[in-house]
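Scroll down for the structure; my scribbles are underneath it.
The values are calculated or read from the model by the stated rules, or taken from the named source; none is laboratory data. Nothing here was measured: the structure is a model prediction, and the numbers come from that model. Here the Cβ positions follow ideal geometry from the backbone for every residue, glycine too, while neighbour counts run over all protein chains shown. Accessible surface is based on the protein model in full, side chains and every heavy atom, while ligands, DNA and RNA are left aside. Shrake-Rupley method; radii C 1.70, N 1.55, O 1.52, S 1.80 Å.
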Amino acid sequence: MADIPNCDLKSLSPLQLFEKVTEQGEKVRALKAGKAPKDEIDAAVRMLLSLKLSYKTTTGQDYQAGLPPKDHALINNGTTKEEDEDLVDPWNVQTSNAKGVDYDKLIVRFGSTKIDTDLINRIERATGQKPHRFLRRGIFFSHRDMDQILHAYENKKPFYLYTGRGPSSQAMHVGHLIPFLFTKWLQEAFDVPLVIQLTDDEKYLWKDMTTEKAYEYAKENARDIIACGFDVNKTFIFSDLDYLGSSTGFYKNIIKVQKHVTFNQVKGIFGFTDSDCIGKISFPAIQAAPSFSSSFPQIFNGKENIQCLIPCAIDQDPYFRMTRDVAPRIGYPKPALLHSVFFPALQGAQTKMSASDVNSSVFLNDTPKQIKTKINKHAFSGGRDTIEEHRKYGGNCDVDVSFMYLTFFLEDDDKLEQLKQAYTSGELLTGELKKVLIETLQPLIAAHQERRKQITDEVVKQFMTPRKLAFEF
């Protein structure tokens with residue numbers, strides 16, 4: 001890292017400064033480990049101290065590894081009003097903007113990198129596949145170290161995929177499909193192993209449910225995940241309540257992470273308080289552990305250096321910022337990430353949906369009639385108050401939930417653009433746009449339900465049994 005003039009440091013945000021200090025600290029450790037010349041180490045240490053001083057001057061707090069500046073998840077939308085701020089953490093997503101969260105500001109705040117056309121083209125060249133619609137349309141919009149994953153893949157080095165689901169209800173909604181549909185595409189495009197974590201332990205700790213109910217939900221959700229079409233020879237799905245007790249590799253990695261993260265750090269990252277149970281405080285280490293290949297010795301033959309790629313919604317990023325900070329300190333590669341936007345509730349993009357509110361989304365067990373009723377009755381419209389006004393001024397696709405849903409589920413780019421033009425011009429009415437969405441979702445969900453019916457207890461057991469997959473390591 002070259003010397004940074006002080007004037008440049010002043011232009012950095014607190015989170016950017018935090019990232020610079022972290023990066024320089026890793027450089028110092030690497031120089032010392034590699035027995036670099038003393039003057040080189042001294043120069044790097046001086047730079048580290050200078051960065052730490054700038055960080056303290058800017059934030060009023062000492063730098064602490066793994067503890068980003070306070071209020072890291074509040075993104076101010078250019079005003080000082082509290083109600084105009086976006087709140088994003090693993091449990092809450094709120095914005096006052098009808099268009100939804102400002103993702104460009106979120107990238108700056110979280111210190112991730114925007115997925116640009118160059119990266120998408122590189123993925124296409126590497127895989128020989130047309131990029132998934134989620135990439136083409138900016139639904140997966142941000143990343144950490146995806147370029148490293150591609151470099152490894154281009155040089156015939158292995159990596160694996162890790163994603164997950166917190167099973168809070170028996171039925172999943174269409175929004176829950178987003179990471180799994182994209183992960184399936186990634187797995188097929190790159191031909192790599194996949195591990196899927198079902199955090200039934202988390203749901204027991206956070207919700208009012210028994211461990212038995214949490215485990216039952218995990219198995220039911222596994223059926224919906226398997227119905228997406230995953231290959232049993234390349235995919236391991238596991239419940240934390242089930243797998244943790246049987247895997248010493250997994251548990252060893254959990255306690256390694258726990259040893260390197262302080263209570264003060266998790267309070268800063270996740271907002272825990274002194275009133276939270278100790279299960280919540282220690283849980284982030286459990287979500288971190290699948291990022292390391294040695295958590296799955298049966299799959300990776302005990303190898304500890306296989307890098308991991310995690311497709312997830314951006315509200316999960318705090319877990320993996322913590323993980324990436326700890327990884328080099330326990331001798332493991334940092335996981336890479338691909339972040340998706342939030343799937344909007346039917347009532348509008350100001351919040352993500354709740355699995356406990358049946359009218360906030362379309363569920364995977366809804367009948368065709370329920371799908372039609374929910375969309376017609378609850379889907380927030382970007383249309384005008386009267387047909388005359390709509391014909392004259394047109395609709396607003398930026399806030400119209402039916403159009404948002406079509407960007408997720410309508411494969412045909414040309415048809416989507418035609419709908420956008422027709423709705424914006426006033427040629428297409430809200431009811432007609434809703435009809436297109438209904439006719440898109442009804443067959444998609446019916447086909448999912450048909451596949452789910454074929455998944456027996458035996459099939460679920462096959463996916464959830466720790467075993468070697470169809471890869472050699």
Selection from region 402-427 of residues farther than 15 Å from A379 by Cα and either small (G, A, S) or not assigned by the TED database to the domain that holds K377 (or both) yields A422, S425, G426
Specify the residue that is least open to solvent (accessible area, probe 1.4 Å); the eligible residues are those in region 240-274 that are at pLDDT 95 or above and farther than 17 Å from T323 by Cβ. Y243
Got a sec? Which of G138, G175 is under 16 Å from the mean Cα position of the chain (by Cα), surrounded by fewer than 19 Cβ atoms within 10 Å (Cβ to Cβ) and closer than 27 Å to I445 by Cα? G138
Quick one: how many residues across region 382-414 are without any contact (Cβ under 8 Å) to a residue 24 or more places away in the chain and assigned to a helix (DSSP H, G or I)? 3
Within region 115-135, residues being out of contact with any strand residue (DSSP E or B) (no Cβ under 8 Å at 6 or more places or on another chain), assigned to a helix (DSSP H, G or I) and surrounded by 14 or more Cβ atoms within 10 Å (Cβ to Cβ) number 8
Would you mind stating whether A447 is assigned to a loop (DSSP other than H, G, I, E, B), open to solvent by 20 Å² or more (accessible area, probe 1.4 Å) and out of contact with any Phe, Trp or Tyr (no Cβ under 7 Å at 6 or more places or on another chain)? no
Could you give me the residue pairs with C-beta distances under 7 Å whose first residue belongs to region 333-346 and is open to solvent by 10 Å² or more (accessible area, probe 1.4 Å), whose second residue is part of a strand (DSSP E or B) and of a type in the set (A, V, I, L, M, F, W, C) wherever it lies, and which are 6+ apart or on separate chains? V341/F141; F342/V93; F342/A313
Tell me, which strands (runs of 3 or more DSSP E) wholly within region 306-372 include 2 or more residues that are out of contact with any Ser or Thr (no Cβ under 8 Å at 6 or more places or on another chain) and under 22 Å from S96 (Cβ atoms)? 348-352
Scan region 147-164 residue by residue and report those that are surrounded by fewer than 22 Cβ atoms within 10 Å (Cβ to Cβ) and either of a type in the set (D, E, K, R) or not in a strand (DSSP E or B) (or both). D147, Q148, L150, H151, A152, Y153, E154, N155, K156, K157, P158
Among the residues that make up region 154-172, is at least one of them among the aromatic types (F, W, Y) and free of Cβ contacts under 8 Å to residues at least 60 places away in the same chain? no
Please determine whether any residue of region 268-288 is farther than 23 Å from A65 by Cα and in a helix (DSSP H, G or I). no
